[in-house]
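Report on one structure; see the data block that follows.
The values are calculated or read from the model by the stated rules, or taken from the named source; none is laboratory data. Model, not experiment: these values are computed from the prediction. All Cβ positions, even for glycine, are placed from backbone atoms using ideal geometry, and neighbour counts span all protein chains on display.
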Amino acid sequence: MEEKLKKLLSDPERKMNAAEINYLASAFRENMFTVLHERQTGHWGGASSAAEIITSLYFNRLNIDPKNPNWEDRDRFILSKGHASINLYTVLAARGYFPLEDTHQFRTLGAYLQGHPAMLKVPGVDMSSGALGHGLSIGVGIQLAARLSGKKYWTYVLTGEGCLNEGSTWEAIMYAAKEKVKGLVLMIDYNKVQLDGTEADIMPLDPLAEKIKAFGWHLCPNKYDGNKAEDVLDSFKWMDSDDIWPKAVIYDTIKGKDVSFSEGKNTWHGCAIDDEHYELGIKELKAITAKREALV
Ligand SMILES: Cc1ncc(C[n+]2csc(CCOP(=O)(O)OP(=O)(O)O)c2C)c(N)n1
Ligand SMILES: [Mg+2]
């Protein structure tokens with residue numbers, strides 16, 4: 001691990017700035033790509049797409065205590081697109097929930113870090129996920145529980161297009177609007193690519209922003225690039241700018257980000273990474289990490 005990275009991660013409680021988060025996200029991409037190559041399994045495309053969003057949450061935003069993962073007052077994060085688990089595991093490890101070395105056990109028989117996150121096995125995982133379309137309903141429930149118990153925590157739910165293709169998500173969208181559920185934030189990793197094609201081919205969401213607003217949500221009006229920490233941190237400012245609920249933010253992202261031949265390709269959604277592509281890809285990822293490191 002680079003010296004700068006070690007130094008940053010030695011004080012994970014500090015709120016990182018955008019340059020630091022961009023650098024961390026790139027370093028985390030290297031770990032994700034390496035583990036998925038080693039294990040010959042997993043989902044690179046959607047993991048890479050969400051790197052800056054998840055890193056920003058854990059290194060700038062969430063009120064959490066990795067030493068006490070079940071702390072009742074913690075903010076919750078639900079990775080509704082649970083197939084991007086290697087991203088969450090890498091970030092949780094770097095944030096101090098478990099050793100980074102454990103990510104190399106990904107999807108081995110008997111390991112606690114399976115292909116999809118399991119809340120009863122992995123410290124820091126607030127909700128088991130993998131079957132698309134469940135995360136937002138659970139987020140609604142967690143925040144209604146906060147209302148009943150007078151707690152102040154928030155729940156952030158991250159979806160891709162797949163969850164938004166599920167009817168259950170739209171039930172949750174309707175109900176959350178009816179109840180004006182406080183503390184509930186829907187974050188959409190809008191890379192416009194799914195498992196076996198583009199969202200335009202599979203089930204177009206366009207005009208997504210208008211739909212979410214029409215369902216009664218407070219949608220962030222800003223256009224954000226979800227692969228830039230500057231934009232993600234700005235979206236956090238927007239979240240704090242009023243008390244109107246529930247809130248949603250759409251982030252434009254790129255699936256398979258920062259490995260040129262995987263960007264925007266559904267064929268890289270989930271596939272075994274061969275040696276040749278690993279060598280090419282890791283070189284590209286390291287070059288971007290170095291560029292981002294220079295800005296820290
Ligand atoms: C209910 C359900 N149906 C199908 C799948 C299989 N599946 C896993 S990921 C995926 C596509 C997800 O696309 P998206 O949500 O856009 O994810 P991302 O692009 O962020 O990887 C599908 C269909 C699933 N996990 N759950
Ligand atoms: Mg997608």
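Between K237, K223, K228, K213, which is away from ligand 2 (no atom under 16 Å from the Cβ), modelled with pLDDT under 95 and surrounded by fewer than 21 Cβ atoms within 10 Å (Cβ to Cβ)? Walk me through how you get there before you give the answer.
Working: K237 fails: modelled with pLDDT under 95; K228 fails: modelled with pLDDT under 95; K213 fails: modelled with pLDDT under 95.
On inspection, the qualifying residue turns out to be K223.
Contact map, the range 105-124: residues that are more than 21 Å from I64 (Cβ to Cβ) paired with residues that are surrounded by 17 or more Cβ atoms within 10 Å (Cβ to Cβ) and basic (K, R), Cβ distance under 7 Å, separation 6+ or inter-chain. Pairs shown: F106/R39; R107/R39; Q114/R107; G115/R107.
Out of curiosity, is V181 in contact with a Leu (Cβ under 8 Å, 6 or more places away or on another chain), more than 16 Å from ligand 2 (Cβ to nearest atom) and in contact (Cβ under 8 Å) with a residue 40 or more places away in the chain? In short, yes. Picking from residues in the range 96-136 that are in a helix (DSSP H, G or I) and surrounded by 19 or more Cβ atoms within 10 Å (Cβ to Cβ), the one that is farthest from the chain's Cα centre (by Cα) is T103.
Looking at the range 60-101, which of its residues are among the aromatic types (F, W, Y) and without any contact (Cβ under 8 Å) to a residue 12 or more places away in the chain?
Let us first name the residues in the range 60-101 that are among the aromatic types (F, W, Y), namely 71, 77, 89, 97-98.
W71 - this is the single residue of the range 60-101 that is among the aromatic types (F, W, Y) and without any contact (Cβ under 8 Å) to a residue 12 or more places away in the chain.
If the condition is being at pLDDT 95 or above and either among the acidic types (D, E) or surrounded by 14 or more Cβ atoms within 10 Å (Cβ to Cβ) (or both), then the range 12-21 contributes M16, N17, A18, A19, E20, I21. Are any of the residues in the range 73-88 on the phi < 0 side of the Ramachandran plot and surrounded by fewer than 18 Cβ atoms within 10 Å (Cβ to Cβ)? Checked against the condition, which is being on the phi < 0 side of the Ramachandran plot and surrounded by fewer than 18 Cβ atoms within 10 Å (Cβ to Cβ), the range 73-88 yields at least one hit. Residue-level analysis places G45 outside the set of residues that are of a type in the set (G, A, S), part of a loop (DSSP other than H, G, I, E, B) and under 23 Å from G162 (Cα atoms).
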